[in-house]
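What follows is a single structure, written as structure tokens, with notes after it.
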Amino acid sequence: MATTAGARSTATAADPRFDAARQVADAVLLEGYVLYPYRASAAKNRMRWQFGVLVPPAWGPAHGEPAFQQTEILMEPRGDATLTLELRFLHAQRRTVQRALEGGGFTEVDELHLADRVLVPWDEGTEEHVELTVRVAELAGDGVVVPFARPARDDIEPVLDTDGRTAGRLLRRTEEVEGVLRLRAVELDGAYRVLRLTAVVENTSPWAPSATTGAGSDAPAAGREAALPRSLVAAHLLLGLDSGSFLSMTDPPEWAREAVAACDNRHTWPVLAGAAGRADVVLSSPIILEDHPAIAPESAGAMYDATEIDEILALRTAALTDREKREARGTDARAAAVVDLADSLPPEVLERLHGAVRSLREVTGPEAAEPIAEIPDGEAVFRPDTPWWDPARADTAGPPCDRVTVDGVAVGPGSRVLLRPGPRRTDAQDLFLHGRAALVEAVLHDVDGGVHLAVTVEDDPGADIRREQGRFLYFQPDEVTPLEDA
């Protein structure tokens, strides 16, 4: 019989082990929440909530979206270890805008213009948490079951103009959502005490789309827009052991590779999180990450669009027109914060965003104490001011030889060849050159020992220009057949 446990809201709030992992988890939670140019009217902000969406089970199967996610990971608990867990997700709430009427009352509008913003209808996301602390020993057998629910509610926020008078109001409708968290652990056979932890997050909301269409119904035509307010959006887990460690799913020890490969992760992927070198915290994310992911220290704040670079987003956002900024500020409080951040970034912060070379810090750090091998003198050393081959010289063939043997024939500058691009070629244009005759302009050797023939195609009216500019086509020796020289 499974144990039904109640979620405890204070289980992880003060746990310092989750601090570093939570920064990345926040980025996962809000990835794609609102995209540049941060306005509801932007086309790419009309199809939202792309990651970790767990929809009601009555809606999901017919539309290809899951109602659950499953995390499986191996752990090595020590003694009477305790597992700390935090489920985090966004709960979408629908916001409508109403304008105040002169005679009293309100009417719904598409836009409400204020001095500093333009309020528009929008789906906001509120952060939700389900937290739990449980002894690992309690996870044996059927494990632990944690049901949770968030009730439906309506909120009204008055909107005041610059004179303090009521200009309108915002109506927020939050739908009920229900779910369940299932945890169990199974000890594996072997020389070490290893447990496979299974954590399932499932949306159990009873809502289903109406079978009939009509005004006021959640008809099938409404589709995903009707399902989202009853969904768990960007759902992910933070897991922590107070004694023991988790095993990496991407780089496990050799003895555990087979057991790791047998883990069944669905719609999520667990990685080691927290400080580098530690293995007591896991982030199970709907976005594939590497072990110990981290937020770049140069980042000045959340931009909610990780497919772009902070510097580009900051500069583009600062360049929006005043009207565009007013609409962005009225779209969402998080969008307003991005606009304010872009407007307030000092030059030194923007300069810091311009780029960072991290690999050099690791190489030149205190740990790089090994002496560098002695550099020989003489012509063996390539120097920046003396290139090993200058394409502007009269002899365009590179060292060490200007001829190469192909099918027993010496081929070099001036030789005629038949082009036969091989199957390894990735440029589709090469296929159109198959069987064409060409003139070898140079035989080039790369630093890896490869040989390349620079050619111009016969009967190409632009061959003289290509030759003058050094813009040749390149083939390897096994992709040509020598022709009788003219």
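Okay, residues lined up against (1) closer than 29 Å to residue 85 by Cβ; (2) surrounded by fewer than 19 Cβ atoms within 10 Å (Cβ to Cβ); (3) modelled with pLDDT under 95; (4) among the hydroxyl-bearing types (Ser, Thr, Tyr):
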site: 126; (1), (2), (3), (4): yes, yes, yes, yes
site: 140; (1), (2), (3), (4): yes, yes, yes, no
site: 147; (1), (2), (3), (4): yes, yes, no, no
site: 163; (1), (2), (3), (4): no, yes, yes, no
site: 180; (1), (2), (3), (4): yes, yes, no, no
site: 183; (1), (2), (3), (4): yes, no, no, no
site: 189; (1), (2), (3), (4): yes, yes, yes, no
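Condition test on residue 334, is it under 30 Å from residue 112 (Cα atoms) and either assigned to a loop (DSSP other than H, G, I, E, B) or at pLDDT 75 or above (or both)? In short, yes.
So that you can scan it fast, the table gives a plain yes or no per residue for (1) surrounded by fewer than 12 Cβ atoms within 10 Å (Cβ to Cβ); (2) within 39 Å of the chain's Cα centre (by Cα); (3) modelled with pLDDT under 80:
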| residue | (1), (2), (3) |
| --- | --- |
| 435 | yes, no, no |
| 439 | no, no, no |
| 448 | yes, yes, yes |
| 466 | no, no, no |
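Give the residue that is surrounded by the fewest Cβ atoms within 10 Å (Cβ to Cβ), with candidates limited to residues of segment 17-73 that are of a type in the set (Lys, Arg) and not in a loop (DSSP other than H, G, I, E, B). Give the derivation first.
So in segment 17-73, the residues of a type in the set (Lys, Arg) come out as 17, 22, 39, 44, 46, 48.
Add one more test, that the residue is not in a loop (DSSP other than H, G, I, E, B), and what stays is 22, 44.
Working: 22: 20, 44: 12.
Within segment 17-73, the match that is surrounded by the fewest Cβ atoms within 10 Å (Cβ to Cβ) is 44.
At least 2 residues that are modelled with pLDDT of 90 or more and over 15 Å from the mean Cα position of the chain (by Cα) in each: list the strands (runs of 3 or more DSSP E) lying fully within segment 218-300 that qualify. Spell out how you get there, then give the answer.
Details: elements: 233-241, 244-246, 269-272, 281-285.
Correct list: 233-241, 244-246, 281-285.
Which of the residues that make up segment 307-324 are open to solvent by less than 20 Å² (accessible area, probe 1.4 Å) and either in contact with a helix residue (DSSP H, G or I) (Cβ under 7 Å, 6 or more places away or on another chain) or in a loop (DSSP other than H, G, I, E, B) (or both)? If you could, list the steps in order and put the result at the bottom.
The first filter runs over segment 307-324 and keeps only residues open to solvent by less than 20 Å² (accessible area, probe 1.4 Å), leaving 313-314, 317, 320.
Passing the criteria: 314, 317, 320.
Counting residues in segment 292-299 that are crowded, with 18+ Cβ neighbours inside 10 Å and closer than 15 Å to residue 249 by Cβ gives one or more.
For segment 338-352, what are the residues that are part of a helix (DSSP H, G or I) and either out of contact with any helix residue (DSSP H, G or I) (no Cβ under 9 Å at 6 or more places or on another chain) or over 24 Å from residue 39 (Cα atoms) (or both)? Before the answer, list the steps.
Kept after step one, since they are part of a helix (DSSP H, G or I), are these residues of segment 338-352: 338-344, 347-352.
Correct list: 344, 347, 348, 349, 351, 352.
If you check residue 133 against the conditions, is it under 30 Å from residue 179 (Cα atoms) and buried (at least 19 other Cβ atoms within 10 Å of the Cβ)? No.
Does residue 115 qualify as being under 33 Å from the mean Cα position of the chain (by Cα), part of a loop (DSSP other than H, G, I, E, B) and modelled with pLDDT under 95? Give the steps one after another, and end with the answer.
On the way: under 33 Å from the mean Cα position of the chain (by Cα): no; part of a loop (DSSP other than H, G, I, E, B): yes; modelled with pLDDT under 95: yes.
Here the answer is no, as residue 115 does not meet what is asked.
What about residue 259, is it without any contact (Cβ under 8 Å) to a residue 60 or more places away in the chain and open to solvent by 20 Å² or more (accessible area, probe 1.4 Å)? In short, no.
Just one of (1) open to solvent by 60 Å² or more (accessible area, probe 1.4 Å); (2) among the hydrophobic types (A, V, I, L, M, F, W, C); (3) touching a Pro at 6+ places or on another chain (Cβ under 9 Å) fails for residue 443. It is (1).
The values are calculated or read from the model by the stated rules, or taken from the named source; none is laboratory data. What you are looking at is a predicted structure, and each value in this text was computed from that prediction instead of being measured. Neighbour counts are summed over all protein chains in view; Cβ atoms, including those assigned to glycine, are modelled from backbone coordinates with ideal geometry. These area figures cover heavy atoms from the full protein model, side chains too; ligands, DNA and RNA do not enter into them. Shrake-Rupley method; radii C 1.70, N 1.55, O 1.52, S 1.80 Å.
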